[in-house]
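The values are calculated or read from the model by the stated rules, or taken from the named source; none is laboratory data. From a predicted model like this one, the values you see are computed outputs, not experimental measurements. For neighbour counting, all protein chains shown are included, and Cβ atoms are generated from backbone atoms with ideal geometry for every residue, glycine included.
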Amino acid sequence: MLIVDNIHAGYGTSEVLQGASLEVQAGKVVALIGANGAGKTTTMRAISGMIKPAQGRVLLNGKPVQGYGAARIAKLGLAHAPEGRKVFGPLSVEDNLLLGAYNHLPMFFGFRSKAAHDLEKVYDIFPRLRDRKQQSAGTLSGGEQQMLAIGRALMANPKVILLDEPSMGLAPVIVQEVFNIIRRLKEAGTTLLLVEQFAKSALEVADYAYVMEHGRIALSGTPAELHKNERMLAAYLG
Amino acid sequence: MVVSGALMGLVYALIAYGFQLTFATSKSINFGQGELVMLSAFFSLSLLNWGVPYWLMIPGGLLFGVVLGLVVERACVRLTLEQKSEGWILLTIIFGLLGFSAAENIWGRDDRPFPTPIPTEAMQFFGVSITPLEISVAVGVLAVMGVIELFKRKTLLGKAFEAVSADRDAAELMGISARHTIMLSYGLSGLVAAMAGILISPITTVGPTMATALILKAFAVAVVAGLDSGFGVVLVGIFLGALESLTSFYLGSGWREAPGLILLIMALAVRPNGVFGKASIRKV
């Protein structure tokens, strides 16, 4: 579904990614773990078109998309819930969700009724968003904003979702809640690439995982395989 | 008299609103906006002279404003924003100068009257003397601003517009093209400028310099109100317009331009984000 092949990317003259490759198969949850500054978020940004890779290929459903702008890649079925959530603060919760489905809805009128079914689905997963649908997104708590960011990505009915550090800055209880939701999405057959610093929790939900170090993939395997790897244990799971 | 001043102030508010539209999406403004007002007014006058009926002249003039707004975006703004430079400041000023010279060459330097079917004799309302023409200005300003605000709140495209102002990167991730949204904001800003030109021309006459003072005061209103509050520009615009007519009555009409400029200096010194402004803005 999503193949990243030997990409190099960075900001200005500093090259953060030095030939990273990974693959996400349809219906699987794949985790990308690693220390701060290893290049996880940069990988996500290079996939979704927020930065342009200097080299390498990104294949979405077999189609090369590297070098496309973010809006164009989103139209092709990739939803990226970015680091720091980036909800539209002044807009209401419901408007945020509606904008998640921007590509599928009419521009002027009738978009609300066309989106009603998907909205209900998202509200069923996140009942708290239904309670706050008229509230402006900027006034939500961190956990609620994260749920909104995930819900907004779901609204696009995407082929692949990129989820960048959903646990960042959240209380442990809320982190658990977020991981429960990821588990539910997995059961529903969602294709997901998950970036996490909490390697343990990430390995609990993932089908497959990549470990990133200094802009390259250092290790990869199923969670069971990684749990047997001594280097992995010492560095990330200790 | 204070009331007619306040109504004139609504025109400042309308032009200031045009600044806000483009600032919201792109953090840039068109410093040649005054020339857009003037060129659209001249074009509308030409339409009337070519025998175009009055009701058709208005959409024609507005369309001309939209086209000019899009030209400004394409010629002066887009490339500099892509290079993350502030070059649009200089380029929009240059565009304004070009527009000014073009107007002088095409239509001449003289001020010309702008005909209107709306009566200009003053009427009395509760002891206030006011002309139907002035009322038409107020109605026109509020109608245009109202329609644009409704568009922003009620349509998905309008919400996308707000999303780009709130977080451009995140909007792109939703599949919203920031470039198209910025084009839209410049088009709307041109429409607003043309509307201001058509509304004010019957009162002030049309000439190459008609918008020079107007634009300074619109800028004062935008800065005093903050570059993100549509409601704020209306209040500040009305306040400034009323203040100006009081000043010219009590101090003499030579002092007419003073309050706007003093207000601008005070606002920049005391509350640089504007009385109604929230976010900190980058000074240019």
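So here's what we get for this one:
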quantity: Output for the range A:200-229, where each listed residue is among the polar types (S, T, N, Q) and not in a helix (DSSP H, G or I); calculated: A:Ser220, A:Thr222, A:Asn229
quantity: Flag if A:Met232 is modelled with pLDDT under 90, crowded, with 21+ Cβ neighbours inside 10 Å and either of a type in the set (Val, Ile, Thr) or assigned to a helix (DSSP H, G or I) (or both); calculated: yes
quantity: Of residues in the range A:157-199 being among the acidic types (Asp, Glu) and part of a strand (DSSP E or B), the one modelled with the lowest pLDDT; calculated: A:Glu196
quantity: Qualifying positions in the range A:97-110 - facing chain B (nearest Cβ under 8 Å) and part of a helix (DSSP H, G or I); calculated: A:Leu98, A:Leu99, A:Gly100, A:Tyr102, A:Asn103
quantity: Top-ranked residue of the range B:94-128 - restricted to ones that are closer than 23 Å to B:Val2 by Cβ and in contact with a strand residue (DSSP E or B) (Cβ under 7 Å, 6 or more places away or on another chain), ranked as surrounded by the most Cβ atoms within 10 Å (Cβ to Cβ); calculated: B:Ala122
quantity: Selection status of B:Leu133, away from every other protein chain (no Cβ under 14 Å), in a helix (DSSP H, G or I) and surrounded by 14 or more Cβ atoms within 10 Å (Cβ to Cβ); calculated: yes
quantity: All positions within the range A:182-194 that are crowded, with 18+ Cβ neighbours inside 10 Å and in contact with a helix residue (DSSP H, G or I) (Cβ under 7 Å, 6 or more places away or on another chain); calculated: A:Ile182, A:Lys186, A:Leu192, A:Leu194
quantity: Test: residue in the range B:28-38 that is in a helix (DSSP H, G or I) and under 30 Å from B:Asp169 (Cα atoms); calculated: yes
quantity: The listed residue being within 30 Å of B:Leu156 (Cα to Cα) and touching a His at 6+ places or on another chain (Cβ under 9 Å), out of A:Ala79, A:Ala70, A:Ala20, A:Ala101; calculated: A:Ala70
quantity: Every residue from the range B:139-151 that is more than 9 Å from chain A (Cβ to nearest Cβ) and of a type in the set (A, V, I, L, M, F, W, C); calculated: B:Val139, B:Val141, B:Leu142, B:Ala143, B:Val144, B:Met145, B:Val147, B:Ile148, B:Leu150
quantity: Failed item, numbered, when B:Gly175 is tested on (1) in a helix (DSSP H, G or I); (2) within 14 Å of another protein chain (Cβ to nearest Cβ); calculated: (1)
quantity: Unmet criterion (only one of (1) hydrophobic (A, V, I, L, M, F, W, C); (2) buried (at least 20 other Cβ atoms within 10 Å of the Cβ); (3) assigned to a helix (DSSP H, G or I); (4) out of contact with any Ser or Thr (no Cβ under 8 Å at 6 or more places or on another chain)) for B:Val147; calculated: (2)
quantity: Hey, B:Leu235 surrounded by fewer than 24 Cβ atoms within 10 Å (Cβ to Cβ) and farther than 22 Å from B:Glu149 by Cβ or not; calculated: no
quantity: Residue match in the range B:35-53 (condition: over 26 Å from B:Ser101 (Cα atoms), touching a strand residue (DSSP E or B) at 6+ places or on another chain (Cβ under 7 Å), surrounded by fewer than 23 Cβ atoms within 10 Å (Cβ to Cβ) and modelled with pLDDT under 95); calculated: no
quantity: Elements of type strands (runs of 3 or more DSSP E) contained in the range A:16-95, each with 3 or more residues being within 10 Å of another protein chain (Cβ to nearest Cβ) and buried (at least 23 other Cβ atoms within 10 Å of the Cβ); calculated: A:78-81
quantity: Cβ pairs under 7 Å, 6+ apart, first in the range B:152-166 and within 7 Å of another protein chain (Cβ to nearest Cβ) and outside any helix (DSSP H, G or I), second at pLDDT below 95 and surrounded by fewer than 19 Cβ atoms within 10 Å (Cβ to Cβ); calculated: B:Thr155/A:Met107; B:Thr155/A:Phe108; B:Thr155/A:Phe109
quantity: The listed residue being over 19 Å from the mean Cα position of the chain (by Cα) and within 27 Å of A:Tyr210 (Cβ to Cβ), out of A:Lys75, A:Lys63; calculated: A:Lys63
quantity: Subset of the range B:238-257 [over 19 Å from the mean Cα position of the chain (by Cα), under 18 Å from B:Leu7 (Cα atoms) and assigned to a helix (DSSP H, G or I)]; calculated: B:Leu243, B:Ser245, B:Leu246, B:Thr247, B:Ser248, B:Phe249, B:Ser253
quantity: Single residue of B:Gly87, B:Gly158, B:Gly65 found to be surrounded by 14 or more Cβ atoms within 10 Å (Cβ to Cβ), among the small types (Gly, Ala, Ser) and within 17 Å of the chain's Cα centre (by Cα); calculated: B:Gly65
quantity: Pairs, first in contact (Cβ under 8 Å) with a residue 24 or more places away in the chain in the range B:243-258, second of a type in the set (Lys, Arg) and assigned to a loop (DSSP other than H, G, I, E, B), C-beta under 7 Å, six or more apart; calculated: B:Glu244/B:Arg256
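So that you can scan it fast, the table gives a plain yes or no per residue for (1) of a type outside the set (S, T, N, Q); (2) modelled with pLDDT under 85; (3) part of a helix (DSSP H, G or I); (4) over 20 Å from the mean Cα position of the chain (by Cα):
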{"residue": "B:Ile200", "(1), (2), (3), (4)": "yes, no, yes, no"}
{"residue": "B:Thr209", "(1), (2), (3), (4)": "no, no, no, no"}
{"residue": "B:Asp228", "(1), (2), (3), (4)": "yes, yes, no, no"}
{"residue": "B:Val236", "(1), (2), (3), (4)": "yes, no, yes, no"}
